1. Across segment 366-413, what is the total count of residues that are surrounded by fewer than 19 Cβ atoms within 10 Å (Cβ to Cβ), more than 23 Å from Lys436 (Cβ to Cβ) and among the hydroxyl-bearing types (Ser, Thr, Tyr)?
2. So, restricting to helices (runs of 4 or more DSSP H) that lie completely within segment 1-75, which ones have at least 1 residues that are out of contact with any helix residue (DSSP H, G or I) (no Cβ under 8 Å at 6 or more places or on another chain)?
3. When Phe80 is evaluated against the numbered criteria (1) closer than 30 Å to Ile197 by Cα; (2) surrounded by 15 or more Cβ atoms within 10 Å (Cβ to Cβ), which criterion, by number, is the only one it fails?
4. Only one residue in Gly424, Gly431, Gly478 is at pLDDT 95 or above, of a type in the set (Gly, Ala, Ser) and surrounded by fewer than 20 Cβ atoms within 10 Å (Cβ to Cβ). Which one?
5. What number goes with the only condition from (1) in a helix (DSSP H, G or I); (2) not assigned by TED's automatic domain parsing to the domain that holds Ile182 that His328 does not pass?
6. In segment 444-466, is there at least one residue being farther than 23 Å from Ile32 by Cα and in contact (Cβ under 8 Å) with a residue 24 or more places away in the chain?
7. Restricting to segment 99-131, and then to whatever is more than 27 Å from Pro88 (Cβ to Cβ) and of a type in the set (Phe, Trp, Tyr), can you tell me which residue is nearest to the chain's Cα centre (by Cα)?
8. Under the condition of being polar (S, T, N, Q) and at pLDDT below 95, which residue from segment 372-396 is nearest to Val21 (Cα to Cα)?
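The values are calculated or read from the model by the stated rules, or taken from the named source; none is laboratory data. Since the model is a prediction, treat every value here as computed from it, not as a measurement. With ideal geometry, Cβ positions are generated from the backbone for all residues, glycine too; neighbour counts draw on all protein chains shown.
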Amino acid sequence: MSWLHTWTGVVFAWMLYFIFVTGSVGYFENEIDRWMKPEIMVSKGLEDSAITNIATRQLSIHGDNASQWYVSFPTSRDPFIEISWLEPENAERKTAKQWHESSLDPMTGALIRNRQTSGGEALYRLHYNLHYVPQLVGYILTSIAAMLMLIGLVTGLVIHKKIFVEFFTFRAQKGLRSWLDIHNIFSVLPLPFHLMITYSGLLLLMGITMSPVIDLRYGEGQQNHRQFYAQSQIEQKSQQIIEMLPTELSVQAALADAKRRFKSHKVSYVGVVERNTEKEHIEIWFESRSGVEFASLLEYRAIEDKVMLEISLGKAGGAASVYDFLEHLHEGLFADIYLRWIYFLSGLFGAAMVATGLMIWLKKRKAVSSTNKILTSIIERINIAMILGLPIAIASYFAGNRLLPIDFPSRAAWEMHILFITLGLCILYCGLASKKWLWQRMLCCAALLYGVLPILNALTTEHNIWLSWINSDWLMVGFDLTVLFISICFVAAFWVVRCRQEDIRAKVAQ
């Protein structure tokens with residue numbers, strides 16, 4: 001069992017570390033988006049009706065022929081107004097169907113030209129699609145990693161019979177024993193989270209990994225799989241005729257009716273779907289933070305001389321309801337800011353669990369005389385490059401958002417290229433540089449990069465910590481303070497490593 005625990009953790013360890021770090025960062029994808037789009041203007045104090053007026057005015061100008069309109073209302077995580085519209089395919093101009101989106105100036109209602117950016121969503125997606133590999137390959141690799149992670153968690157519980165007792169034990173400066181104690185802390189403290197996130201992650205990708213089961217029932221091919229998803233995701237809906245004439249139905253009228261019916265709910269989105277057709281209807285989405293149900297949907301549609309209201313009541317099937325529950329649990333869609341931080345820290349503890357596990361494995365390998373020293377040295381160098389290189393690469397990703405010219409071709413794609421180029425350079429440097437100073441230099445580099453980000457923000461945009469604080473732009477303030485705190489953590493780690501190495505050199509000298 002100990003052998004199984006070791007090798008299920010080691011085989012995909014670097015990928016698991018990558019998944020944990022990028023997945024943890026993904027819990028703040030909206031907040032990261034706001035920082036990476038500094039042109040956005042925060043909306044304060046506008047009524048929903050006023051927001052609807054300025055948004056529909058711009059949609060009428062720029063998306064008059066669009067088949068779908070959406071208006072995003074300000075929320076605590078996205079305190080700005082955003083519109084999006086779906087431009088249909090145009091054979092004459094040879095243009096394909098395409099989504100457009102833009103933020104609005106809450107004072108004038110004018111469109112804001114945001115810089116192209118991969119944003120927080122791209123970081124979030126990294127933890128399951130791995131970016132450069134084909135999507136299907138990414139899903140399969142992350143599913144295999146998750147399965148090995150689940151086996152590692154269960155076997156870890158089995159082999160550590162006194163794991164909860166050992167959790168309260170830490171023996172400093174005891175070599176391997178100290179690393180085992182640290183590994184136990186990072187494993188046991190967020191254990192329920194690790195089990196939940198791993199198991200739910202497996203289930204969320206089961207449509208890919210278990211696709212042969214779908215093939216047996218529905219047949220092979222994308223079209224048949226779409227039929228399966230359409231049937232499995234059917235919504236339960238209640239229908240009622242309301243006191244409104246079809247001639248009175250508009251976005252404003254639907255919004256007013258929805259707010260009257262659900263006074264305690266906050267509007268998240270308003271949409272006009274299948275515009276200029278007989279199936280045209282208006283959607284109202286409500287945001288909810290009281291449980292794992294993220295939002296409820298209302299649909300208004302004109303039917304002959306009446307207006308029908310449809311209220312979504314959740315998935316019709318039990319399996320689909322469980323899937324939705326696990327999806328919301330996995331992604332923390334219901335979480336407020338405090339719970340979101342717990343998700344984030346628990347994810348980082350998972351990354352630390354994997355990293356310390358690798359350190360333990362390396363130390364055990366070094367202690368065996370028959371071990372291939374060259375191979376162990378290579379793995380150790382790559383280990384340092386991954387553990388510290390990934391945070392450095394993410395900091396470079398943020399720095400690239402500020403340093404790349406606004407009109408740079410394929411700007412969003414190049415932000416992500418910068419992340420992986422930086423990670424590659426970290427691996428190259430760790431492979432060639434003296435191993436004696438690697439930890440210190442990499443920690444120093446990470447501390448420097450994260451410390452510079454707020455300065456870059458102040459120099460290249462109209463934002464800095466002080467002005468953002470005055471303007472109540474809390475997401476911008478929070479991001480800058482967070483990266484400063486991360487920089488301080490890397491400085492502290494640098495100091496600890498330096499003092500430790502000096503102690504070792506002093507003992508050797510004696």
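1. Adding up the residues that qualify gives 2.
2. Passing ranges, in order: 2-10, 48-62.
3. If we test Phe80 against (1) closer than 30 Å to Ile197 by Cα; (2) surrounded by 15 or more Cβ atoms within 10 Å (Cβ to Cβ), just (1) comes out false.
4. Residue meeting the stated conditions: Gly424.
5. Condition not satisfied by His328: (2).
6. Yes, segment 444-466 contains at least one residue that is farther than 23 Å from Ile32 by Cα and in contact (Cβ under 8 Å) with a residue 24 or more places away in the chain.
7. For segment 99-131, the residue satisfying everything is Tyr124.
8. For segment 372-396, the residue satisfying everything is Asn383.
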